[in-house]
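Each remark here refers to the structure printed beneath this line.
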Amino acid sequence: MKSAKFLLLLLSLNVVSNIVMAAAPPTCPADVASGCDSGSGEWEGEFFPGIEKIKYEGPTSKNHLSFKWYNAEEEILGKKMKDWLRFSIAFWHTFRGTGGDPFGAPTKMWPWEDGTNSLAMAKRRMRANFEFIEKLGVDKWCFHDRDIAPDGKTIEESNANLDEVVALAKELQGTKIRPLWGTAQLFYHPRYMHGAATSSELGVYVYSAAQVKKAIEVTHYLGGENYVFWGGREGYQSLLNTDMERELNHMARFFEAAVAFKKKIGFNGTLLIEPKPQEPTKHQYDWDAATAANFLRKYGLIDEFKLNIECNHATLSGHSCHHELETARINGILGNIDANTGDPQVGWDTDQFMMDVGEATLVMLSVIKNGGLAPGGFNFDAKLRRESTDVEDIFIAHIAGMDTIARGLRNAAKLIEGGLLDELVRKRYQSFDSELGAQIEAGKADFDLLEKEALKLGEPKVGSAKQELAEMIFQSAL
């Protein structure tokens, strides 16, 4: 009798289990072999199964899929961390990066990829992008037009492809997610081998303008806050066959047209130029922040543009990222940061995730002095290493990058609140905190006056710069 009752109980549990399983929404990994594809190219199921929304667990957590230092709602110096940092996901590295390099074939074939560049595949990637954004807990993303939608045989076909994918992106964004910025890819296609705005071919110049026009339109449609110009081909390989002055003039006219179009359609986002010294060209015209600022001033565009500083580009130009940020900041044109870094042993643009807490602290000192970056932010223009091939590595890299910069923010706040570094700098220049110093800084001290003062003061006393003390104070905050 007891055995019969037990058997009846097992059968009942099995029926209930089957009902529950049948009623539950289907979830399955976004693998081309999993059967999640509906047949129309629209994807069903999860792209990152088994990975929950990333949460803040604090510095003592051993969970590699958690934040140790980035606590979005925590206030630092009167502003929430998420508002200081405004993190964004770069679609091209995150969802189009293959791990390929000049010496080897791609190493990454994500489970949802089918090996094509079709519209269906573009939509699938877009769905993966927004699942990733939601699980990582950010609300911004960046894109190139040709990364999110395939190039067509004509401008019309390319625009139609872009419109179709952008319509899906608009739907998936909802009410909270927006592009930090959009841009046009004006470097990959063979037509751009001589440049885009600086091409020697008029046909390429006008084609570029049409592509940028469309890219600005879709950025505006998606609610983007900025638009970026990165001129990877805007430069030269040799001056022997280049009219540099004419090319620079053409680039200025191109930017003027972009400003006019932005205003025409009511796009209030910031236009950003991203300096880089070389690669793929031998010499790029916006070599560094100072060169870009000079170009903007010469052509009367300084009030229409700001700069998107990429840390790896800074080191390629022979500067530190801190130097480039300070150059942009004191010129009033620091608008956005591409958060990455390079390897000092490698002489090219490796686009690694920023993991150096010291570098992140210096970066955040500039950001805090700038009052923040909004409407700009930190875009992870960084890619997994060729040898990192697990899907979870995408999350790990972004978590580590976000934590590093968040830790830099905490350290910079500690330095500012402590006041020792600011006081050291103030003392170094305190001789100018005088009546004569005020006259010099106001532009009211001519050489005759300065000569009289020199005769009166005699041989000047020169104090110590206290560099080692400055470095000690800085290191104590890390």
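What tally of residues in the stretch 271-305 results from selecting those that are among the β-branched types (V, I, T) and touching an Asp or Glu at 6+ places or on another chain (Cβ under 7 Å)?
Total meeting the criteria: 1.
Check E256, E217 and return the single one that is part of a helix (DSSP H, G or I), under 18 Å from A149 (Cβ atoms), of a type outside the set (S, T, N, Q) and open to solvent by 50 Å² or more (accessible area, probe 1.4 Å). Don't jump to the end; show me each part of the working.
Values: E256 fails: under 18 Å from A149 (Cβ atoms).
So the residue among E256, E217 that is part of a helix (DSSP H, G or I), under 18 Å from A149 (Cβ atoms), of a type outside the set (S, T, N, Q) and open to solvent by 50 Å² or more (accessible area, probe 1.4 Å) is E217.
Within the stretch 164-179, how many residues are open to solvent by 70 Å² or more (accessible area, probe 1.4 Å) and touching a Lys or Arg at 6+ places or on another chain (Cβ under 9 Å)?
2
Please state which one of E131, E113 is closer than 27 Å to I337 by Cα and over 16 Å from the mean Cα position of the chain (by Cα).
Details: E113 fails: closer than 27 Å to I337 by Cα.
Among E131, E113, only E131 is closer than 27 Å to I337 by Cα and over 16 Å from the mean Cα position of the chain (by Cα).
Can you find a residue in the stretch 139-156 that is under 30 Å from N71 (Cα atoms), open to solvent by 40 Å² or more (accessible area, probe 1.4 Å) and either touching an Asp or Glu at 6+ places or on another chain (Cβ under 7 Å) or outside any helix (DSSP H, G or I) (or both)?
Yes, because at least one residue in the stretch 139-156 is under 30 Å from N71 (Cα atoms), open to solvent by 40 Å² or more (accessible area, probe 1.4 Å) and either touching an Asp or Glu at 6+ places or on another chain (Cβ under 7 Å) or outside any helix (DSSP H, G or I) (or both).
Does any residue of the stretch 183-203 turn out to be surrounded by fewer than 19 Cβ atoms within 10 Å (Cβ to Cβ), of a type in the set (G, A, S) and at pLDDT 95 or above?
Looking for residues that are surrounded by fewer than 19 Cβ atoms within 10 Å (Cβ to Cβ), of a type in the set (G, A, S) and at pLDDT 95 or above, one finds at least one in the stretch 183-203, hence yes.
Which ones in the stretch 73-107 are more than 18 Å from the chain's Cα centre (by Cα), under 29 Å from I368 (Cβ atoms) and of a type in the set (G, A, S)?
G78
Across the stretch 398-421, which residue is nearest to R86 (Cα to Cα) among those that are of a type in the set (A, V, I, L, M, F, W, C) and over 22 Å from the mean Cα position of the chain (by Cα)?
The qualifying residue nearest to R86 (Cα to Cα) is A413.
Filter the stretch 430-478 for residues that are assigned to a helix (DSSP H, G or I) and within 30 Å of M355 (Cα to Cα) and give the result.
Q467, E468, L469, A470, E471, M472, I473, F474, Q475, S476
Is it true that T281 is surrounded by 16 or more Cβ atoms within 10 Å (Cβ to Cβ), assigned to a loop (DSSP other than H, G, I, E, B) and of a type in the set (V, I, T)?
Answer is yes for this residue.
Within the stretch 109-128, is there a residue that is in a helix (DSSP H, G or I), touching a His at 6+ places or on another chain (Cβ under 9 Å) and aliphatic (A, V, I, L, M)?
no
Checking M364 against (1) in a loop (DSSP other than H, G, I, E, B); (2) out of contact with any Asp or Glu (no Cβ under 9 Å at 6 or more places or on another chain); (3) under 24 Å from H93 (Cα atoms): exactly one of these is not met. Which one?
Going through the list (1) in a loop (DSSP other than H, G, I, E, B); (2) out of contact with any Asp or Glu (no Cβ under 9 Å at 6 or more places or on another chain); (3) under 24 Å from H93 (Cα atoms), M364 breaks only (1).
Got a sec? Which of R386, R407 is in contact (Cβ under 8 Å) with a residue 12 or more places away in the chain, among the charged types (D, E, K, R), surrounded by 15 or more Cβ atoms within 10 Å (Cβ to Cβ) and in a helix (DSSP H, G or I)? Lay out the reasoning, then the answer.
Values: R386 fails: in a helix (DSSP H, G or I).
On inspection, the qualifying residue turns out to be R407.
Go through (1) among the β-branched types (V, I, T); (2) touching a strand residue (DSSP E or B) at 6+ places or on another chain (Cβ under 8 Å); (3) open to solvent by 20 Å² or more (accessible area, probe 1.4 Å) for V367 and report which single condition fails.
That leaves (3) as the condition not met.
Just checking, does the stretch 263-274 include any residue being open to solvent by 50 Å² or more (accessible area, probe 1.4 Å), part of a helix (DSSP H, G or I) and either closer than 20 Å to Q352 by Cα or without any contact (Cβ under 8 Å) to a residue 40 or more places away in the chain (or both)?
yes
Closer than 18 Å to V259 by Cα and surrounded by fewer than 17 Cβ atoms within 10 Å (Cβ to Cβ): is that true of G223 in this structure?
Taking the combined requirement at face value, the residue satisfies it.
Of these, S88, S61, which one is small (G, A, S) and either outside any loop (DSSP other than H, G, I, E, B) or in contact with a Leu (Cβ under 8 Å, 6 or more places away or on another chain) (or both)?
Unique residue meeting the criteria: S88.
The values are calculated or read from the model by the stated rules, or taken from the named source; none is laboratory data. The model shown is predicted, which means the values in this text are computed figures rather than measured ones. Neighbour counts are summed over all protein chains in view; Cβ atoms, including those assigned to glycine, are modelled from backbone coordinates with ideal geometry. In case anyone asks, the SASA skips ligands and DNA or RNA and just uses the protein heavy atoms, side chains included. Shrake-Rupley method; radii C 1.70, N 1.55, O 1.52, S 1.80 Å.
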